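S.K.: Starting off with a structure, shown below.
The values are calculated or read from the model by the stated rules, or taken from the named source; none is laboratory data. Quick caveat: nothing in here was measured; it's all calculated off a predicted structure. Neighbour counts run over all protein chains shown; Cβ positions are idealised from the backbone, glycine included. Surface accessibility is based on the protein's heavy atoms, side chains included, excluding ligands, DNA and RNA. Shrake-Rupley method; radii C 1.70, N 1.55, O 1.52, S 1.80 Å.
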Amino acid sequence: MESRRLAQLVTEGLQARDVPAVAVDIPLPLDWRLEITAENLGSTVRPRFTLVNADGARQGVLDDTPVPLRSWAEPTPPTLAA
């Protein structure tokens with residue numbers, strides 16, 4: 001499942017920057033979450049990262065560089081790592 005692989009790569013990237021992060025299906029009650037969504041822009045998809053605190057309030061949003069639609073739909077390991 002590519003979503004699981006993406007979550008793991010994001011987790012590893014955060015840990016490399018000394019951010020205490022884990023990829024879990026069900027967060028604990030006081031965990032903050034990093035929600036990853038994508039906006040279809042036609043020929044590209046823009047990943048969006050939203051930091052949400054334990055109360056469910058958004059703490060910040062980052063729109064990443066758009067990715068070609070085909071690369072997003074059929075991701076390769078290098079695409080996911082990017």
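S.K.: Would you mind checking which residues have amide H under 5 Å from Val67's amide H? H placed 1.01 Å from N; only 5 or more apart, or other chain.
M.R.: Under 5 Å from the amide H of Val67 lie the amide H atoms of Val45, Arg46, each far enough along the sequence or on another chain.
S.K.: A follow-up question, please. How much FRET efficiency would the formula 1/(1 + (r/R0)^6) give for Gln15 and Thr37, where r is the Cβ-Cβ distance and R0 is 22 Å, rounded to 0.05?
M.R.: 0.50
S.K.: Work out the length of the dipole vector of the chain about its Cα centre, built from +1 on the beta-carbon of each Lys and Arg and -1 on the beta-carbon of each Asp and Glu, and round it to the nearest 20 debye.
M.R.: 140
S.K.: Relative to the longest principal axis of the chain, what angle (0 to 90°, nearest 10) does the C-alpha long axis of helix 2-16 take?
M.R.: 60
S.K.: As a test of the formula, what do you get for the chain when each DSSP H run with n ≥ 4 contributes -39,500 (n - 2.57) and the sum is divided by the residue count, at 222 nm and rounded to the nearest 500 deg cm²/dmol?
M.R.: So the helix-based figure for the chain works out to -8500 deg cm²/dmol.
S.K.: Something else: Could you compute how fast the chain diffuses translationally, taking Rh as the Kirkwood radius over C-alpha pairs and applying Stokes-Einstein at 10 °C with viscosity 1.306 mPa s? Give it in µm² per second.
M.R.: Answer from the Stokes-Einstein relation: 116 µm²/s.
S.K.: Whole-Hz ³J(HN,Hα) for each residue in the range 26-32, computed from phi via Karplus 6.51 cos²θ - 1.76 cosθ + 1.60 with θ = phi - 60°, x for glycine and proline: what do you get?
M.R.: 10, x, 6, x, 9, 5, 8
S.K.: What does the accessible area per residue of the chain come to in Å², with a 1.4 Å probe and no ligands, DNA or RNA counted?
M.R.: Averaged over the residues of the chain, the accessible area is 75 Å².
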